[in-house]
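Reviewing the structure listed below.
The values are calculated or read from the model by the stated rules, or taken from the named source; none is laboratory data. Because the structure is a prediction, the values reported are computed rather than measured. No Cβ is skipped: glycine too gets one built from the backbone with ideal geometry, and neighbour counts run over all protein chains shown.
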Amino acid sequence: MPDWLIAIVLGLVEGLTEFIPVSSTGHLLLTKIALGLTDPAWDTFIVLIQLGAVLAVVALYFQRLWAVVVGLPTRPEARRFALSVIIGCIPAFVAGLALHGVIKHFFENPFLPQVICVSLIIGGVILLIVDKKAPPARELDGMALSLKTALFIGLFQCLSLLPGVSRSGSTIVGSMLLGVERKAAAEFSFFMAIPIMVGAFVLDLYKSYDQIDASHAGAIAVGFVVSFLSGLVVVKYMIDFVGKRGFTPFAWWRIVVGVIGLGLIYIPR
């Protein structure tokens, strides 16, 4: 398969799964394994194209985010929102920096596909339960969460350092358990993705830049654009979808993908 086609496939997987609670990293790693990609440059490629998905959030929420930036000197609610995002991201930043080498090594485990599939299934079951049994919502606006709630959501986000757990899934489940309404939980997960993914992009680029060169530029550009466009579609329609159907469809998707993955691994062919 030519590199440009691989870039399109990986870009689609990234953009379509980054902001829904199904584990974009898990899907990307399973796709990479299925395509037989062993060059370490593809690992760095996967991190780089995540920035395209982040820009989809910035593009769609630009007016609201810009209003926050402009209002920081004069509006207490703007400062509170910005502080809530910062506080929510601190645990994952600290854990990511402290455990970066361990996480990298863990992702090189020969049983990684099995771990991802099991995590998808377990996470799907948890999401099913939480979507049905979450406590009544007390906080209804993703841009006006209490600082205490933001901190605990950030602690839940640390679970996403494990393969197959899902960053958006861990933050959404944590938010709902803390009494945040579904749509507000999804929006706050979008906002937290911006600094977290930009940080991951900068860190991985700094540590792995020597694995990519000018010959990879075309594939990265293609993957970046595809990730941005597909992410744009998901972010645009996810809030309405969640409002109507909740997170149950995503939970079943995780379970189905995990079961199929384990079947492909263990059923003799």
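Per-residue answers, yes or no, for (1) of a type in the set (Asp, Glu); (2) free of Cβ contacts under 8 Å to residues at least 40 places away in the same chain; (3) in contact with a helix residue (DSSP H, G or I) (Cβ under 6 Å, 6 or more places away or on another chain):
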position: Leu147; (1), (2), (3): no, no, yes
position: Phe152; (1), (2), (3): no, yes, no
position: Pro163; (1), (2), (3): no, no, yes
position: Ser175; (1), (2), (3): no, yes, yes
position: Lys183; (1), (2), (3): no, no, yes
position: Glu187; (1), (2), (3): yes, no, no
position: Lys207; (1), (2), (3): no, no, no
position: Ala217; (1), (2), (3): no, yes, no
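Being among the polar types (S, T, N, Q) and modelled with pLDDT under 85 is the filter here, so list the residues in the stretch 89-115 that pass it. Residue satisfying the conditions is Asn109 alone. Among residues that are surrounded by 17 or more Cβ atoms within 10 Å (Cβ to Cβ), under 30 Å from Gly261 (Cβ atoms) and over 21 Å from the mean Cα position of the chain (by Cα), Ala95 is not included. Looking only at residues in the stretch 166-188 that are outside any helix (DSSP H, G or I) and among the hydrophobic types (A, V, I, L, M, F, W, C), which one is surrounded by the most Cβ atoms within 10 Å (Cβ to Cβ)? Per the criteria, the residue is Val180. Condition check for Leu140 on (1) among the hydrophobic types (A, V, I, L, M, F, W, C); (2) surrounded by 14 or more Cβ atoms within 10 Å (Cβ to Cβ); (3) touching a helix residue (DSSP H, G or I) at 6+ places or on another chain (Cβ under 6 Å): one failure, at (2).
Is it the case, given these coordinates, that Pro21 is surrounded by 17 or more Cβ atoms within 10 Å (Cβ to Cβ), of a type outside the set (Ser, Thr, Tyr) and under 22 Å from Val233 (Cα atoms)? So Pro21 passes the test. Here Gly223 clears all of (1) at pLDDT 90 or above; (2) under 20 Å from Tyr61 (Cα atoms); (3) more than 13 Å from the chain's Cα centre (by Cα) except the condition numbered (2). Going by the conditions given, is Ala53 over 22 Å from Val118 (Cβ atoms) and either without any contact (Cβ under 8 Å) to a residue 24 or more places away in the chain or in contact with an Asp or Glu (Cβ under 8 Å, 6 or more places away or on another chain) (or both)? Answer is yes for this residue.
The combined condition, being outside any helix (DSSP H, G or I) and within 15 Å of Val22 (Cβ to Cβ), is fulfilled by Pro163. Just wondering, is there one or more residues in the stretch 61-83 that are farther than 23 Å from Leu159 by Cα, surrounded by 14 or more Cβ atoms within 10 Å (Cβ to Cβ) and under 18 Å from the mean Cα position of the chain (by Cα)? So far as the stretch 61-83 goes, yes, one or more of its residues are farther than 23 Å from Leu159 by Cα, surrounded by 14 or more Cβ atoms within 10 Å (Cβ to Cβ) and under 18 Å from the mean Cα position of the chain (by Cα).
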